[in-house]
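Here you go, one structure.
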Amino acid sequence: MIWILIVVFIFCLVMRFPIAFSLGISCFVFLICNGTDLIVMPMKMYSGIDVFVLLSIPGFIIAGNLMNQGGLTSKIIQFCNHVIGHVPGGLALANIGSSMLFAGISGTAISDTASIGSIMIPAMKKEGYDADFACAVTASSSTVGPIIPPSVPMIIAATLSGLSVGKLFLAGALPGLLLGIAMLAFTYYIAKRRKYPKYARSSFKTIAKGFVDTFWSLLMTFIILFGIIGGVFTPTEASIIAVLYAYLVGALVYKQLSFKKTIAVVLDAMKTSASLMVLIGFANLFGYILVSEKIPHEISSTILGFSDNKYVVLLLINLLLILVGTFMETIAALLILFPILLKVALSVDVDPIHFAIIALLNLIIGLTTPPLGICLFVASGIGKVPLEKVSKANLPYLGISFLLLTLVTLFPEITLFLPRLVLGQ
């Protein structure tokens, strides 16, 4: 019977149904064919979203959109240009730097690609950068966002597993910084080699003014991160504080957030949050069916059948998640696969925090993996460059991401060092 579920799900994906509807339709067909009482559908959907920490997601979405509409993105880009614009390839470096700073507010790779890319890709093309390179830099650097805290996928992973959100935030900080620094170094090398342009060096006064303008934006990340880790407030409370802070900064400090813009942001966030909650609800129903049919046990037995060596198991899981992340959105893949694969990882003594970061890295890297990486589609659409050219230009950055993934997989301390240092656990 489980093949009915899988075949219908794949058919819906091929027919380009949204992931949430694909999950819902496949579950509905399975339950009917299996003779199960359909009351299970609303019960399992509701239990999937009846989790307190999930209330933080609409808050972070609204906060991120408020900061974006309130002038945050342009302030961060200007500041990065002032600091590193005089270096060869300064605009490309500022693109990556902006993504690293913007990560603390958006928390999702696709919103980063769209927000930063809409400004940086046209600017880089105008300054003489190759269009495919501009798109590749934007798409690849956006994957830093969900790794550097705060991160919406990390909140989802914590909800699914019962792990501490604060620990996950700390665990992702070092890998995210390492990935961003590696991308900066490679971009500098390419810029020198291709003789990409640079700006005149900004004065200390200009840099200081840029920092003051950006400071209020970055302070929100500090408040959220250290408030959660320090136990001052829960992730849900942090998201509400972030919304209030974002509105006050956008309206009173940057003075770019009008009432009309605020209403538009709230309506957009309502749509995004509603679609995400429907996805989570259907994913919980999908997971319930998989568990009832003992699929997690079968997957675990299959993987462990190859080897019970921790690193071989992690390699197989990495290959599976990279493949899935290539054609499925991060949160959807996380909801379906993370609880199953976490049990496999625990059976070979992998630390759950360590595994959560490995899983997130895989799925986020998948966003820039050809042929279906979503961030590549977004960047190529903004830059009006064929997807094939963007994918080819992105291959070196993909290699950097895979290298970091390998290091994180082999050396758990990269993820566990900060949680143990700060929380003493």
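The values are calculated or read from the model by the stated rules, or taken from the named source; none is laboratory data. All figures in this text were calculated on a predicted structure; none of them were measured in a lab. All Cβ positions, glycine included, derive from the backbone under ideal geometry; neighbour counts span all protein chains shown. To get the accessible areas, we keep the full protein, side chains included, count just its heavy atoms, and leave off ligands, DNA and RNA. Shrake-Rupley method; radii C 1.70, N 1.55, O 1.52, S 1.80 Å.
If you roll a 1.4 Å probe over the heavy atoms of the protein chains, what accessible area per residue do you get for the stretch 153-193, in Å²?
Details: 1450 Å² over 41 residues.
Counting only protein heavy atoms, the per-residue value for the stretch 153-193 is 35 Å².
Hey, got the Cα dimensions of the stretch 18-143 along the principal axes, in Å, largest first?
Dimensions of the stretch 18-143 along the principal axes of its Cα atoms: 67, 30, 18 Å.
If R0 is 60 Å, what FRET efficiency do you get for HIS297 and LYS209 from their C-beta distance, rounded to 0.05?
Values: r = 60 Å, r/R0 = 1.00.
Efficiency at R0 = 60 Å is approximately 0.50.
Turning to a different aspect of this structure: Taking 21 Å as the cut-off for C-alpha to C-alpha distance, list the pairs among LYS126/LYS209; LYS44/LYS294; LYS195/LYS384; LYS75/LYS261 that go past it.
Details: LYS126/LYS209 26 Å; LYS44/LYS294 17 Å; LYS195/LYS384 23 Å; LYS75/LYS261 18 Å.
Correct reply: LYS126/LYS209; LYS195/LYS384.
How many nm separate the modelled label positions at LEU407 and VAL253, each set 7 Å beyond the Cα in the direction of the Cβ?
Distance between the two pseudo-spin positions: 3.2 nm.
Can you report the principal axis dimensions of the stretch 287-425 using only the alpha carbons, biggest first, rounded to whole angstrom?
46, 41, 27
Mind jotting down the distance between the C-alpha centroids of the stretch 309-370 and the stretch 1-65, whole Å?
Measuring centre to centre over Cα atoms gives 20 Å.
Kirkwood Rh, Cα Rg: Rg to Rh for the stretch 185-293? Don't skip to the answer; put the middle values down first.
On the way: Rg = 21.4 Å, Rh = 18.6 Å.
Reported Rg/Rh, Kirkwood definition of Rh: 1.15.
With the full set of protein chains in place, find how many percent of the accessible area of the chain is carbon and sulfur; take the probe as 1.4 Å.
Numbers: 12950 of 18440 Å².
Looking at the chain in its full context, I get 70 percent from C and S.
A follow-up question, please. To the nearest 10 square angstrom, what accessible area does VAL144 show with a 1.4 Å probe?
Here the accessible area works out near 0 Å².
Same structure again: Choose one of ALA393, ILE303, ILE317: the residue whose Cα lies farthest towards the positive end of the charge dipole of the stretch 283-425 (beta-carbon charges +1 Lys, Arg; -1 Asp, Glu; about the Cα centre).
ALA393
Now, a different point. Would you please report the Å³ per residue occupied by the convex hull of the alpha carbon atoms in the chain?
Values: hull volume 59.8 nm³, N = 425.
It comes to 141 Å³ per residue, whole-number rounded.
Can you tell me the 0 to 90 degree angle between the C-alpha axis of helix 204-229 and the longest principal axis of the chain, rounded to 10?
Tilt relative to the chain: about 20 degrees.
Mind checking Rg over Rh on the stretch 363-425, alpha carbons, Kirkwood formula for Rh?
On the way: Rg = 16.0 Å, Rh = 13.5 Å.
On the Cα set of the stretch 363-425, Rg over Rh gives 1.19.
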